[in-house]
Amino acid sequence: MTDSAKPTLLVVDGHSLAYRAFYALPVDNFSTKDGQHTNGIYGFLAMLINLIKAEKPTHLAVAFDTSRQSFRTREYAEYKANRSETPSEFKGQIPILQDCLAAMSITVLQKEDFEADDILATLATQAAAEHYDVLVCSGDRDTIQLVNDDITLLYPNVQGVSQLKRYDRQAVIDRYGVPPEQYPDVAALVGETSDNLPGVPKVGEKTAVKWLNQFGSLDELLDNADKVTGVVGGNLRAHLDDVRRNRTLNRLLTDVELPVTVAELEVKPMDAQAVRDIFARLEFKTLIPRVAELAGIEQQMAAVTSAAAVPMPAAAELAASELLAWLEAVEGEVGVTVLTEGGQPTRLGVATLEAAAEATWTPELAETLGSWLASDAPKIFSDAKAQVKALRRVGLRVEGLAFDTIVAGWLLRPSFPDKNLADLVDRYLDEKLPEADPTQLVPETEGATPGQLSWFTMRVTEALRGELPESVARVLTDIELPTLLTLADMELAGVAVSHGTLSTFSAELGERADAIAQQAFQAIGREVNLGSPKQLQEVLFDELQLPKTRKTKTGYSTDAAVLADLQESNPHPFLDLLLQHREATKLRQIIESLDTAIGADGRIRTTYVQTGSQTGRLSSTDPNLQNIPVRTDESRRIRSAFEVGEDYETLLTADYSQIEMRIMAHLSEDPGLIEAFNSGEDLHRFVGARVFAVDPADVTPAMRTKVKAMSYGLVYGLSAFGLSKQLRIEQSEAKQLMMEYFARFGAVRDYLRSSVEQARIDGYTETIFGRRRPFPDLASPNRVLRENAERAALNAPIQGSAADIMKIALFRIHEEFMSRDLRSRVLMQIHDELVVEVAPGEWEVAEQIVQDRMGDAADLSVPLDVQIGRGPNWNEAGH
DNA sequence: GATTATACGTA
DNA sequence: CGTACGTATAATCA
């Protein structure tokens, strides 16, 4: 490519290429855990590294614009004036990118009043004069004019920065039909919309090139404009000044005074430590080795990257008594790993940061280690819950849980939780956890043993602790870890569910669904799959000619809300039958999935996913017990199948009433809302009385419905549009309602606004207890993304604080049941509700404990109201 | 067989 | 154009 005898200068337009990378790379994949966006930085550096590797420049510089202002804007105020505001999340990446370049010892140039391209032009011209080979890398077309026999342009493809096209003199002629020095003439005629430089109307590249070839030069063309025929000729004559102005502005300066000479741009050795530090901070794991290779400093980099890469210790295989002695000799924390098969322990490994030991699981081992496991001796797990459960199945309890790497990792980045220890080792240690290749019968690579896994757990813990803000660390130890141990017991307990009740109901619903389907087929004269949205669209919109509804990706929606609307505007028996069919089959689905989940002992055991939400809530899977129907009388029959277990007396349900609105009252300190909760009056009646300026006694059901929807909607960032849709009222009325509401409860609005504002500043939201959730999208240039983030950010502290409070109440109840030797036990958590199985004779004490611990879980400026119910099954207890 | 889209259950 | 979840089915992809 380049003459190896000659030095090669590579000059790069940092701004334009980073900007392309910014739009080419998905921001979600390129954000650090504290919310810093890095897609532009990453994309630019990846490209630059490839470029250096391929071109091996001897001299190198990157130029940046200083601002939107330059001598060009002074000459022509409208220059680039049409460009939308540079997204702030991109702007923020530029200084960091410059820091990266500095660490890599790459010269960064920028100069007030000049654009990056002028700097490129100056350097390129000087270097060419000094017989360098020059490579100019820019995304700005104006740099085409620089190309000559010594200067080659590397120009990114439209897709982004992954492909650079090489323009030498011939390539420019082939592509544009004019030599490089004439390209600015073409550009001047055509104009540049992105720079707000209008050209001659109706003149594109083709016409411009034709004219230039015809007249020989732009000056000749402009002097002889009257010889150009047709409409475009007229246009040309009307826009001569525009063309001249364009030509002036698109000429790059080649005499910008710079603080360096070309010779001084010689490639220098990198500061390995600085590169490692900044790349680590930006979480650019994969770039570190690439840079190192490039700079020929693998060894230096390896030395620093693996400064902590202590060789993995071999785990000593010990007998039970030896293992106990080993553990008792440890002063501080111990990493613990329990391997399981079928929910039973098979191996156990322990480790400190220095050494590891392990043993195969035997009854003797259980006997020997039981009291150590149940002691306060601090233990650290990765994903403790399943292991704690396995130990409980063989009769052992775990106490002294001091850390869980998976839970800690989730608290740090709830949006992208790392699923296992290997992920954490990769992210926080930048090493690979040795894993056996599961596809090979006799794996070539050995996986880490349980002792070694514990050792990695300890090292990951050390790294995570360095990253956990204090408030988040408190959430871990004060809320999550006690909750984890409680959830293990709840999952093991399960809940008794009556197969008979479910199967009777299921059969009934099956028959009904079939009958409804037959009627529905009659109504439209043919059979379709009622479960297929696609087929339904044909029926509704083609055959029945019903008006088109809300658009979806693949057509038009047929969801329940849409069908109900259609039924109102265009009544048709098929619509109602379809809705009924949906309802019956949906219930049946839920019942069937529950039924198959009933275990041999008649109980269903769910798994609570502690790291499954972004707000701090739990989720429940396999089966999900947090979405059991409740809204209709009929669906509640499912809940009646959830029964008190054998040897127990009754079920107890306890739920927080309006906990989110209470948190809102507390956080906003709105005097009206606080008074509402302290008054003992029904919340919506109280609010309704204020909003509609009537006596509480005179609040009509319609008023109550409206303020209730408004109150609940607030927590989700509801708009007037959404409120009007839900209440089926005019948008103007919804707007009016919101105005009245905020006139009386203004502090609520102030709080919501300021909390989003604070999140924009901090990059994250925080619950009352210090749980954080990052929101990088609050700075997004994309309005949809940004507004979604705003609503989520508004909701997160409220939903998250409620989750915190419930978790605190939950584990305190569990702990008190245990410490008081009660048999009663918590079975389920449904966000703001607990279901407890009460042992005979324990009702009074259990009720008191639940009431008290839920009531005093948090000290808010309003009371926490707890509703308790009792019954032989969930349905009756829930009333 | 795995993935995507739609729909719908809960707080 | 209302937050947070999990799951079932049909349609579509490889």
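The values are calculated or read from the model by the stated rules, or taken from the named source; none is laboratory data. This structure is a prediction, so every number in the text was calculated from the model and none was measured. Ideal geometry is used to build each Cβ from the backbone, glycine not excepted, and the neighbour counts take in all protein chains shown.
Can A:Asp426 be described as surrounded by 21 or more Cβ atoms within 10 Å (Cβ to Cβ), more than 16 Å from DNA strand B (Cβ to nearest atom) and of a type in the set (D, E, K, R)?
So A:Asp426 fails the test.
Yes/no per residue for (1) within 27 Å of A:Glu876 (Cβ to Cβ); (2) touching a residue at least 40 places away in the same chain (Cβ under 8 Å):
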residue	(1), (2)
A:Glu543	no, no
A:Asp595	yes, yes
A:Gln614	no, yes
A:Ser635	yes, yes
A:Ala641	yes, yes
A:Val644	yes, yes
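Do we find that A:Phe30 is without any contact (Cβ under 8 Å) to a residue 24 or more places away in the chain and surrounded by 19 or more Cβ atoms within 10 Å (Cβ to Cβ) in this structure?
Details: without any contact (Cβ under 8 Å) to a residue 24 or more places away in the chain: yes; surrounded by 19 or more Cβ atoms within 10 Å (Cβ to Cβ): yes.
Spelling it out, A:Phe30 is indeed without any contact (Cβ under 8 Å) to a residue 24 or more places away in the chain and surrounded by 19 or more Cβ atoms within 10 Å (Cβ to Cβ).
Report, by residue number, each residue of region A:508-563 that is among the aromatic types (Phe, Trp, Tyr) and touching a Ser or Thr at 6+ places or on another chain (Cβ under 6 Å). Step through it out loud before you land on a result.
First pass over region A:508-563, keeping only residues among the aromatic types (Phe, Trp, Tyr): A:521, A:541, A:556.
A:Tyr556, the sole residue that qualifies.
Is at least one residue of region A:610-620 out of contact with any strand residue (DSSP E or B) (no Cβ under 6 Å at 6 or more places or on another chain), among the basic types (Lys, Arg) and modelled with pLDDT of 95 or more?
For region A:610-620, residues out of contact with any strand residue (DSSP E or B) (no Cβ under 6 Å at 6 or more places or on another chain), among the basic types (Lys, Arg) and modelled with pLDDT of 95 or more: present.
Which one of these does A:Ile604 not meet: (1) buried (at least 18 other Cβ atoms within 10 Å of the Cβ); (2) of a type in the set (Val, Ile, Thr); (3) within 10 Å of DNA strand C (Cβ to nearest atom)?
All conditions pass for A:Ile604, except number (3).
So A:Val691 fits all but one of (1) more than 16 Å from DNA strand B (Cβ to nearest atom); (2) surrounded by fewer than 22 Cβ atoms within 10 Å (Cβ to Cβ); what number is the exception?
Failed condition: (2).
Filter region A:104-115 down to the residues that are within 13 Å of A:Leu60 (Cα to Cα) and either part of a loop (DSSP other than H, G, I, E, B) or aromatic (Phe, Trp, Tyr) (or both) and list them by number. If you could, list the steps in order and put the result at the bottom.
To start, the set of residues in region A:104-115 that are within 13 Å of A:Leu60 (Cα to Cα) comprises A:104-109.
A:Met104, A:Ser105, A:Ile106 - these are the residues of region A:104-115 that are within 13 Å of A:Leu60 (Cα to Cα) and either part of a loop (DSSP other than H, G, I, E, B) or aromatic (Phe, Trp, Tyr) (or both).
Just checking, how many residues over region A:775-828 are within 16 Å of DNA strand B (Cβ to nearest atom) and polar (S, T, N, Q)?
4
For A:Asp118, state whether it is out of contact with any Phe, Trp or Tyr (no Cβ under 7 Å at 6 or more places or on another chain) and surrounded by fewer than 20 Cβ atoms within 10 Å (Cβ to Cβ).
Details: out of contact with any Phe, Trp or Tyr (no Cβ under 7 Å at 6 or more places or on another chain): yes; surrounded by fewer than 20 Cβ atoms within 10 Å (Cβ to Cβ): no.
Spelling it out, it is not the case that A:Asp118 is out of contact with any Phe, Trp or Tyr (no Cβ under 7 Å at 6 or more places or on another chain) and surrounded by fewer than 20 Cβ atoms within 10 Å (Cβ to Cβ).
Pick out the one residue from A:Val186, A:Val260, A:Val275 that is assigned to a loop (DSSP other than H, G, I, E, B) and β-branched (Val, Ile, Thr).
Numbers: A:Val186 fails: assigned to a loop (DSSP other than H, G, I, E, B); A:Val275 fails: assigned to a loop (DSSP other than H, G, I, E, B).
One residue alone meets the criteria, A:Val260.
Within region A:214-247, work out how many residues are surrounded by 12 or more Cβ atoms within 10 Å (Cβ to Cβ) and assigned to a helix (DSSP H, G or I).
Number of matching residues: 23.
Could we say that A:Leu476 is within 21 Å of A:Ala374 (Cβ to Cβ) and either part of a helix (DSSP H, G or I) or not aliphatic (A, V, I, L, M) (or both) here?
Details: within 21 Å of A:Ala374 (Cβ to Cβ): no; either part of a helix (DSSP H, G or I) or not aliphatic (A, V, I, L, M) (or both): yes.
So A:Leu476 fails the test.
Report, by residue number, each residue of region A:540-564 that is more than 9 Å from DNA strand B (Cβ to nearest atom) and either surrounded by fewer than 17 Cβ atoms within 10 Å (Cβ to Cβ) or more than 22 Å from A:Lys725 (Cα to Cα) (or both).
If we filter region A:540-564 for residues that are more than 9 Å from DNA strand B (Cβ to nearest atom), which is where we start, we get A:540-548, A:564.
A:Leu540, A:Phe541, A:Asp542, A:Glu543, A:Leu544, A:Gln545, A:Pro547, A:Lys548, A:Ala564, listed by residue number.
Scan region A:523-538 for residues that are in contact with a helix residue (DSSP H, G or I) (Cβ under 9 Å, 6 or more places away or on another chain) and more than 12 Å from DNA strand B (Cβ to nearest atom) and jot them down. Spell out how you get there, then give the answer.
First, pick out the residues of region A:523-538 that are in contact with a helix residue (DSSP H, G or I) (Cβ under 9 Å, 6 or more places away or on another chain): A:523-531, A:536.
Within region A:523-538, A:Ala523, A:Ile524, A:Gly525, A:Arg526, A:Glu527, A:Val528, A:Asn529 meet the criteria.
Can you give me the number of residues within region A:116-155 that are under 22 Å from A:Thr66 (Cα atoms), touching a residue at least 60 places away in the same chain (Cβ under 8 Å) and not in a helix (DSSP H, G or I)?
So the count comes out to 5.
Yes/no per residue for (1) near DNA strand C (Cβ under 9 Å from one of its atoms); (2) closer than 19 Å to A:Ala561 by Cβ; (3) out of contact with any Leu (no Cβ under 9 Å at 6 or more places or on another chain); (4) part of a loop (DSSP other than H, G, I, E, B):
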{"site": "A:Ala702", "(1), (2), (3), (4)": "no, no, yes, no"}
{"site": "A:Thr705", "(1), (2), (3), (4)": "no, yes, no, no"}
{"site": "A:Tyr712", "(1), (2), (3), (4)": "yes, yes, no, no"}
{"site": "A:Leu718", "(1), (2), (3), (4)": "yes, yes, yes, yes"}
{"site": "A:Leu723", "(1), (2), (3), (4)": "yes, yes, no, no"}
{"site": "A:Lys735", "(1), (2), (3), (4)": "no, no, no, no"}
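Can you find a residue in region A:580-594 that is within 30 Å of A:Pro417 (Cα to Cα) and away from DNA strand B (no atom under 11 Å from the Cβ)?
Within region A:580-594, one or more residues are within 30 Å of A:Pro417 (Cα to Cα) and away from DNA strand B (no atom under 11 Å from the Cβ).
Looking only at region A:587-643, how many residues end up being assigned to a loop (DSSP other than H, G, I, E, B) and polar (S, T, N, Q)?
Narrowing region A:587-643 to residues assigned to a loop (DSSP other than H, G, I, E, B): A:599-602, A:605-606, A:610-618, A:622-635, A:641.
So of that shortlist, the ones also polar (S, T, N, Q) come out as A:606, A:610-611, A:613-615, A:624, A:626-627, A:632, A:635.
Within region A:587-643, residues that are assigned to a loop (DSSP other than H, G, I, E, B) and polar (S, T, N, Q) number 11.
Taking region A:519-539, which residues are surrounded by 12 or more Cβ atoms within 10 Å (Cβ to Cβ), free of Cβ contacts under 8 Å to residues at least 60 places away in the same chain and away from DNA strand C (no atom under 14 Å from the Cβ)?
A:Gln519, A:Phe521, A:Gln522, A:Ala523, A:Ile524
Those residues that are of a type in the set (S, T, N, Q), buried (at least 21 other Cβ atoms within 10 Å of the Cβ) and within 14 Å of A:Pro414 (Cβ to Cβ), I need them from region A:784-802; list them, please. Show your work before the answer.
Residues of region A:784-802 that are of a type in the set (S, T, N, Q), as a first pass: A:788, A:795, A:799, A:801.
Restricting the remaining residues to those that are buried (at least 21 other Cβ atoms within 10 Å of the Cβ) gives A:799, A:801.
Passing the criteria: only A:Gln799.
Among the listed residues A:Arg820, A:Arg791, A:Arg773, A:Arg749, which satisfies the condition of being out of contact with any His (no Cβ under 9 Å at 6 or more places or on another chain), more than 12 Å from DNA strand C (Cβ to nearest atom) and in the same structural domain as A:Gly672 (by TED's automatic domain parsing)?
Working: A:Arg820 fails: in the same structural domain as A:Gly672 (by TED's automatic domain parsing); A:Arg791 fails: more than 12 Å from DNA strand C (Cβ to nearest atom); A:Arg773 fails: more than 12 Å from DNA strand C (Cβ to nearest atom).
Answer to the check: A:Arg749.
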